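Following: one structure in structure tokens, then a few remarks.
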Amino acid sequence: MNHAVEIRGLHKSFGSNKVLKGIDLSVEPGQVVCVIGPSGSGKSTLLRCVNLLEQPTSGKVFVGGVELTDEDVDIDAARRGVGMVFQQFNLFGHLTVLRNITIAQERVLKRRRPECERIARHNLERVGLTEKADSYPAQLSGGQQQRVAIARALAMDPSLMLFDEPTSALDPELVGDVLTVMRKLAEDGMTMLVVTHEMAFAREVADRVVFMDDGMVVEDGPPSQVIANPKHQRTRSFLSRVLNPTHVD
């Protein structure tokens, strides 16, 4: 059976700055893999290379058995199975919530408007925002906007969801609602690759936790190992700072 995601020897440089230094990583269908690590370790760049928002310098990326880094691949078709949720919500401010969720369905998937709206309302229900269909983004809290962004991604029927620190731009009291939606997706069997600094979420929900530092995978295993009993000093040092914010090196 194909991996949901397979990354082989992935390198990414911006000029002379080597951001990813030979990443090997796979995600199985239905798995939730959380990527943790300090700022600047390459986590977001890795995620953006998975759906080729960033072009890798070298290496191969496969999603659902299709090589996205093959120059002959139909990248738009390959990307359709991948939903992405960013730190910023990227909603269209001049469109209602419902229209934000239907527009890509119509233009990319060529669905008819009534079907788009039915699917949009179903996914708003999944994220707990049925009553906000006719609202505009500016009328919503940050957490609600992020949940709309998740509903918009889900409406495209992805087989894989990528989350790039989806709660980092939110006020602390709004984080829980977004994480609740993500927990539910995990329970429903959605394959998820999540860059996050929410250690409790990673501990509870992830099948695997990947610790990155300096553009490399330092440690990869179940949360019970990587978070609770890390093997590497770099992992231990990072977690001591994150889990004990008053800790001074």
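Take the alpha carbon atoms of the stretch 135-185, find their center, do the same for the stretch 1-17, and report the distance between the two centers in whole angstrom.
Here the answer is 26 Å between Cα centres.
Please give the calculated 222 nm ellipticity per residue for the chain, where each DSSP H segment of at least 4 residues contributes -39500 (n - 2.57) and the sum is spread over every residue; nearest 500 deg cm²/dmol?
Estimated from H runs of four or more residues: -11000 deg cm²/dmol.
Give me the Å³ per residue figure for the convex hull around the C-alpha atoms of the stretch 111-186.
Enclosed volume per residue, from the Cα hull, is 95 Å³.
Given the stretch 1-45, what whole percent of its Cα pairs are spread farther than 13 Å?
More than 13 Å apart: 63 percent of the Cα pairs in the stretch 1-45.
In a GNM of the chain with a 10 Å cut-off on Cα contacts, which of VAL32, VAL210, VAL175 has the highest mean-square fluctuation?
VAL175
With +1 on the Cβ of every Lys and Arg and -1 on the Cβ of every Asp and Glu, and nothing else charged, how large is the dipole of the chain about its Cα centre, in debye rounded to the nearest 20?
260 debye
Test of understanding: what is the full-extension gain from ASP24 to GLU131, defined as 0.36 nm times their sequence separation minus their Cα-Cα distance?
Gain on stretching ASP24 to GLU131: 34.2 nm.
Within the set LYS43/LYS184; LYS12/LYS60; LYS12/LYS231; LYS21/LYS60, which residue pairs have Cα atoms separated by over 18 Å?
Going by Cα-Cα distance, LYS43/LYS184; LYS12/LYS231 fall outside the 18 Å limit.
Classify the stretch 45-177 as rounded, prolate or oblate from the Cα gyration tensor: take a ≥ b ≥ c as the square roots of its eigenvalues, call it rounded if a/c is under 1.5, otherwise prolate when a/b beats b/c and oblate if not.
Oblate shape, in that a/c is at least 1.5 and b/c is the bigger or equal ratio.
In the chain, what percent of the accessible surface is made up of carbon and sulfur (1.4 Å probe, ligands and nucleic acids excluded)?
Percent of accessible area from carbon and sulfur atoms in the chain: 46.
What ratio of Cα Rg to 2.2 N^0.38 Å holds for the chain?
Taking N as the residue count of the chain, the ratio is 1.02.
Out of LEU179, VAL82, GLY93, whose Cα points farthest toward the positive end of the dipole of the stretch 61-209 (charges: +1 Lys, Arg; -1 Asp, Glu; placed on Cβ)?
GLY93
If you roll a 1.4 Å probe over the heavy atoms of the protein chains, what accessible area per residue do you get for the stretch 57-108, in Å²?
Averaged over the residues of the stretch 57-108, the accessible area is 50 Å².
The values are calculated or read from the model by the stated rules, or taken from the named source; none is laboratory data. Quick caveat: nothing in here was measured; it's all calculated off a predicted structure. For neighbour counting, all protein chains shown are included, and Cβ atoms are generated from backbone atoms with ideal geometry for every residue, glycine included. Surface accessibility is based on the protein's heavy atoms, side chains included, excluding ligands, DNA and RNA. Shrake-Rupley method; radii C 1.70, N 1.55, O 1.52, S 1.80 Å.
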